[in-house]
Amino acid sequence: MEKQTGRPAEAAPHNLILESRSRLTVTGVRRVIRCDPDGAVLALGDCVLNLSGGELSVTALDLERGEARLSGRIDGLEYTEARTPGGLLRRLLR
């Protein structure tokens, strides 16, 4: 039986491979939240990766392997924390 520590389980590692600002491979992907020509949002283990750019598209997606490939002009990459489920009250009582 596993011991409960009160901390979230450690997320699987992820990697980013950016080639010439036009091709991006991301590993450790759990879900594609959004992808349109101006940006994409990918859920990784314990964070969210926000991409901005132009003419972006997902060219390959394998969620079993946790890999996504995108192409287009990549202008920015930003990490944000994953949202805590349960709403405001749950976050306040932590």
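Values computed for the structure shown
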read-out: Inter-centroid distance (Cα atoms) of region 55-71 relative to region 10-41, Å; value: 7 Å
read-out: Karplus 3J(HN,Hα) series, Hz, for region 62-70 with 6.51 cos²θ - 1.76 cosθ + 1.60 (x for Gly, Pro); value: 9, 6, 5, 8, x, 10, 10, 10, 10
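Read the figures in this text as sums done on the coordinates, not as results from a lab. Computed from a predicted model, the values in this text were never measured in an experiment.
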